[in-house]
Amino acid sequence: MTIIGMLHHRKDPKTVIKSYAYAAVAKAEGINFFYFSPATVNFVNRSIKGKVYENGIWQERIMPFPDVIYNAGSPEKLAKSKKIIDRLKSEIPFTTNSIGNKWSINERLMEAKDFSTYLIPSEIVRNGETFFKFINSFQKVVFKPTDGRKGKGIYFISKIKDGYEVRKDSNNSFYSKQQLNEFLTDKLSSGNFIVQPYIQSITKSGQVYDFRLHVQKNGEGKWVITTIYPRIAPKGSIIPNINNGGFTNYLDPFLQQEFKEEAFNIRRTLEHFSLSLASHLDEIQMVQFGEVIDEIGVDVGMDEDFKIWIYEVNWRPGCPPAFYLELDVVIHSIQYAKYVAENQAKIKREIRIIKNKKIEEKVEIPIVAITGSAGKTTSKAFLASILSKKWNIFESKDYWNTTEHTKKHAEEINNNHHEAVVLEYGMAYPGVITEHCSIIQPTISIVTNIGLAHVGNFDGDIKKVAHAKSELIHGMDQKGILIINKDDENSKYLETQKFKGKIMTVGIKSPADYRAYDIKYEDNGMSFKMKLQGQEILLFIPILGEHHVYNALNAIAVADHLGFTPMEIKAGLIFRKPPRRLTIYNCRDNITVIDDTVHSHPQGVRAALDVLSNIGKHRKIAIIGQMRELGELREQEYCKVGEYVYEKGIDILITYGYRTEEIGNRAAVKGFSSTNIYHFIKKEELHELLKKIVKRDDTILVKGASKTNMFDTVQFLDQTFKE
């Protein structure tokens, strides 16, 4: 006769209501059943001091080790007895194994890919900055604990005109940004939280609802649906959880009322989805841990297009709150426990087969290489951020773009671990990109633009720069994907004629495969719209400048080609911004400093001046450093920048470095006030001037290349005018 032991962290079964149902069903099934806690296990004589339910009372008995263990306790509380439980697991099969908290389940599904498109993008909130980037992108978000249960501790936060609306249960509060930041800091000090876009399912009467999908394994070891039922929030609330006042309904009448002729198809979709997801999570558990699972509860929503979204997956969800299904749940659990006890060899064989199958499934990984005169690092950062939402990726470090770096990358890339590779290919001379491609051949290539960076090394001829950049097109997989900038006039010189792969274009001003429009400057970022996968979507990037919209479009084009959803792309655009790329410093007296001190070439200077012009609300000061490697084009390009300074309505112009006074001279010729133009070749003198002239409400751009150490000036301003 099979013996089942129910393991629980509580010593007394009278405090665990479901223990009675398990004891009763086990007896009806002809199975010996007892209850125990970790401290009662004796490994020396392989016995357990357990509790047996007889004649209406729990009686203590010395029991032999059971044939199978049903683990019913809290993982957190049983963690104190980890050594005992691990040893039990090595000797006795368990019917159920923890699949982790909400965040770890999310990560598993992301890594396994198959169901990642049903996941609502989530981020662990490490600080207020993470949260505010997310809400800037999605406007309405859910803020909830990673280990929350029964709908507790969930906040719905919306960005509104004058601040933020925070809803909990049926209560509404209004916060300024500072108040919300204080609220977030308080919450994060006491636990771990995640943030997600808020996706609502709403009935015709305006009430929020979701579906609970409850699935278990039966006595044959197969997944079966225990129940599917809707949960409806009370009016005024946005949490349908039963513990928060929500109520249930029978599935078929609900579907008929809400969906009419689509009711049958939606039911079948929910049934297929629940069984498929359960099998998928079971496979992941087998591959990663050599274990099986027996029961899950999945909460899902359905948007207006009938797309399913996973809100959360609960391991051991407990009995449904209605419909007299308590015994159904217990019967499945007891019968499956008997199956596990009697079929260990079969289960272990199945785990081996699944593991071997996964090992054999190898696919070619996409290798993305990015070159161009500007935008390489930011395009790479955007793309890596999107792809990492569900893949393990190899991303080159910022500015690691020489051939020596590419040789190091070739040694570090692991085809068994990495699922995509994102690299920068830099070049200052002909032949360099050809060498990059001989070390690592890309399958997808991006040429951001053809500009004047390093043009002095090419006899001042932009066509020769384009020829050198075209080495990427010739050296990549000739049946791969190439992305180019439709708006960039010089990209027409790229040598695409013999390329046999697919060419995709990005643009703002010209018709393109991926085109952005309605571009706006927002608080610490840019918003824009575009058509993606047949729908118009609003996107946000947490970096200033229209030129960075092009960089985002490059990443969007690749991610869309690789099958990422608009929601995943939107979340991925909330990226880790490369340092010193239009970084904002908020100083005292409402003084703003814009740090753009990595590279400097005419195209980048004009883009930075655009940002200064757009975000500066009062006096605008531009500090522009030397631009190198322009060769014979230096004077001509410096003059163009001087003209642009005048056109953008800058109030004070300061130039620093060899021959940069040519910028100011040209601005003066155009009509810029000469009393507001300064030139320095000594940084100390520049800083002395800044101490004298900077005043309240100024916005100051510092633009220069790393080689000119213009970041020193950023640090000086930050320290001098620190809040």
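Taking the criterion of being within 14 Å of residue 236 (Cβ to Cβ), touching a residue at least 40 places away in the same chain (Cβ under 8 Å) and under 26 Å from the mean Cα position of the chain (by Cα), the residues of the range 153-169 that qualify are 156, 167.
Checked against the criterion of being on the phi < 0 side of the Ramachandran plot, modelled with pLDDT under 95 and not hydroxyl-bearing (Ser, Thr, Tyr), the candidates 482, 423, 494, 452 yield just one match: 452.
For residue 417, the criteria (1) at pLDDT below 95; (2) touching a helix residue (DSSP H, G or I) at 6+ places or on another chain (Cβ under 7 Å); (3) surrounded by fewer than 24 Cβ atoms within 10 Å (Cβ to Cβ) hold in every case but one, which is (2). Starting from residues that are hydrophobic (A, V, I, L, M, F, W, C) and touching a helix residue (DSSP H, G or I) at 6+ places or on another chain (Cβ under 7 Å), keep the ones in the range 40-63 and report whichever is surrounded by the fewest Cβ atoms within 10 Å (Cβ to Cβ). Among residues in the range 40-63 that are hydrophobic (A, V, I, L, M, F, W, C) and touching a helix residue (DSSP H, G or I) at 6+ places or on another chain (Cβ under 7 Å), the one surrounded by the fewest Cβ atoms within 10 Å (Cβ to Cβ) is 43.
Please go through the range 197-229 and pick out each residue that is more than 29 Å from the chain's Cα centre (by Cα) and not polar (S, T, N, Q).
Quick first cut of the range 197-229, residues more than 29 Å from the chain's Cα centre (by Cα) only: 203-207, 216-229.
Once the filter is applied, which keeps residues that are more than 29 Å from the chain's Cα centre (by Cα) and not polar (S, T, N, Q), the range 197-229 yields 204, 206, 217, 219, 220, 221, 222, 223, 224, 225, 228, 229.
Evaluation of residue 496 against the conditions (1) within 30 Å of the chain's Cα centre (by Cα); (2) assigned to a loop (DSSP other than H, G, I, E, B); (3) surrounded by fewer than 17 Cβ atoms within 10 Å (Cβ to Cβ); (4) of a type outside the set (A, V, I, L, M) shows that the sole unmet condition is (1). Of all the residues in the range 92-103, those that are among the small types (Gly, Ala, Ser) and either assigned to a helix (DSSP H, G or I) or on the phi < 0 side of the Ramachandran plot (or both) number 1.
Listed by first and then second residue, the pairs linking a residue in the range 450-474 that is free of Cβ contacts under 8 Å to residues at least 60 places away in the same chain and within 15 Å of residue 632 (Cα to Cα) to a residue that is outside any helix (DSSP H, G or I) and among the hydrophobic types (A, V, I, L, M, F, W, C), with Cβ atoms under 8 Å apart and 6 or more places separating them unless they lie on different chains, are 462/450; 462/452.
Return a yes/no flag: does the range 128-144 have any residue that is under 23 Å from residue 296 (Cβ atoms) and surrounded by 15 or more Cβ atoms within 10 Å (Cβ to Cβ).
So far as the range 128-144 goes, yes, one or more of its residues are under 23 Å from residue 296 (Cβ atoms) and surrounded by 15 or more Cβ atoms within 10 Å (Cβ to Cβ).
Tell me, please, whether a residue that is crowded, with 19+ Cβ neighbours inside 10 Å and either in contact (Cβ under 8 Å) with a residue 60 or more places away in the chain or within 37 Å of the chain's Cα centre (by Cα) (or both) can be found in the range 79-88. Checked the range 79-88: at least one residue is crowded, with 19+ Cβ neighbours inside 10 Å and either in contact (Cβ under 8 Å) with a residue 60 or more places away in the chain or within 37 Å of the chain's Cα centre (by Cα) (or both). Of the candidates 572, 525, 534, the single residue that is farther than 22 Å from residue 422 by Cα, touching a Leu at 6+ places or on another chain (Cβ under 8 Å) and modelled with pLDDT under 95 is 525. Picking from 659, 666, 628, which residue would you name as being touching a Cys at 6+ places or on another chain (Cβ under 9 Å), in the same structural domain as residue 597 (by TED's automatic domain parsing) and not aromatic (Phe, Trp, Tyr)? Criteria check complete, one pass: 666.
Only residues that are part of a loop (DSSP other than H, G, I, E, B) and of a type in the set (Phe, Trp, Tyr): list them for the range 387-407, please.
391, 399, 400
Could you tell me which residue of the range 693-710 is surrounded by the most Cβ atoms within 10 Å (Cβ to Cβ), considering only residues that are modelled with pLDDT under 95 and assigned to a helix (DSSP H, G or I)? That would be 708. Looking at residue 438, is it polar (S, T, N, Q), within 24 Å of residue 502 (Cα to Cα) and surrounded by 19 or more Cβ atoms within 10 Å (Cβ to Cβ)? It is false that residue 438 is polar (S, T, N, Q), within 24 Å of residue 502 (Cα to Cα) and surrounded by 19 or more Cβ atoms within 10 Å (Cβ to Cβ). Counting only strands (runs of 3 or more DSSP E) wholly contained in the range 104-181, the ones carrying 1 or more residues that are farther than 23 Å from residue 240 by Cβ occupy 155-160, 163-168, 171-175. Cβ-Cβ distances below 7 Å connect the following pairs, each with a first residue in the range 170-191 that is farther than 15 Å from residue 154 by Cβ, a second residue that is among the small types (Gly, Ala, Ser), and a separation of six or more residues or different chains: 174/163; 175/163; 176/163; 177/163; 181/128; 185/128. The helices (runs of 4 or more DSSP H) found entirely in the range 567-686 that carry 1 or more residues being under 40 Å from the mean Cα position of the chain (by Cα) are 602-615, 634-647.
The values are calculated or read from the model by the stated rules, or taken from the named source; none is laboratory data. Because the structure is predicted, anything quoted here is derived from the model rather than measured. A quick note on method: Cβ atoms are made from the backbone with ideal geometry, for glycine too, and the neighbour counts reach across all protein chains shown.
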